[in-house]
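These notes are about the structure you will find just below.
No lab work stands behind these numbers, since they all come straight from the coordinates. All values reported here derive from a predicted model rather than from experimental measurement. We place every Cβ from the backbone using ideal geometry, glycine too, and count neighbours over all the protein chains shown.
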Amino acid sequence: MLDATTRSGGTATVSPRTAAAELAVATAGPVAPTGCAARVTRVLLSPWSRLSLLVALLASAATTVVLFQPQQLLTNGWPPQLGGAAAALAYAVAYGLCTVAFVPRPLLNLAAGALFGSQLGLASAIAGTVLGAGVAFCLGRVLGQEALRPLLRGKWLKAADGQLSRHGFRTMLAMRLFPGVPFAASNYCAAVSRMGLLPFLLATGLGSIPNTAAYVVAGARASTPTSPAFLIALACIALPGLAGAVVAWRKRHRLRGR
């Protein structure tokens, strides 16, 4: 019996077994890369490679901010070709990118008030805050979560991760309202947790309003430091900060006593 091909009168006849094998090869999908290409792909897409990329991006952003010195806007003024809502929108974008590069938000809030006044400055600062938080969250979620989640082994880290994962909105809202929590740290902690993006952005926008408004008003009224608005804004900045320091000091001594 012939398995492969029989010739009859010059005509090739393919056996059913061979035809089925050839059909399977023809309909199979593309062959996965093997060898060196596969190893390189796995290394580039590995969690630690993505985390290294995140660190490199943040370091580059911080270096760029140091070189370009955006604080010169306060002394040189805003570019004359931009004004009104367009300038506020441009500042919101710059604000968001600067927060990703670890520029302190109080300085940006003061600058927003000095450049645009209380109302437009507050709108620009809140928009920049939400934008910067969203960019940091997405970067941390895509590039850092898979590598960092296995490291959440300590008691406090597990507790913080569980709180953000189960009660994300109210936890983040409290963190934004509390003046002692660093903005960038809270962004990346939320990104590593299982908190959703939409609750994170809503809590950031709502929780950042009181503190941001105080700094913006202080920046807008800095030229009249004896005005009631400036003094009230200064009190709104100082009192929550003092309260946060007292709470942190009491918790520290309580933990030491255990």
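May I ask for the net charge around Tyr215, where only other residues with Cβ less than 15 Å from the Cβ of Tyr215 are counted and Lys, Arg are +1 while Asp, Glu are -1? Result for the neighbourhood of Tyr215: +3. Ranked by the mean number of other Cβ atoms within 10 Å per residue, highest first, peptides 56-66, 170-180, 128-138 order as 128-138, 170-180, 56-66. Other residues lying with their Cβ under 15 Å from the Cβ of Gly196 contribute a combined charge of +3, Lys and Arg counting +1, Asp and Glu -1. Counting charges near Asn187 (Lys, Arg +1; Asp, Glu -1) among other residues having Cβ under 12 Å from its Cβ returns a value of +3.
Backbone geometry of the stretch 178-184 corresponds, through the Karplus equation with coefficients 6.51, -1.76 and 1.60 at θ = phi - 60°, to 3J(HN,Hα) couplings of 7, x, x, 8, x, 5, 5 Hz, x marking Gly and Pro.
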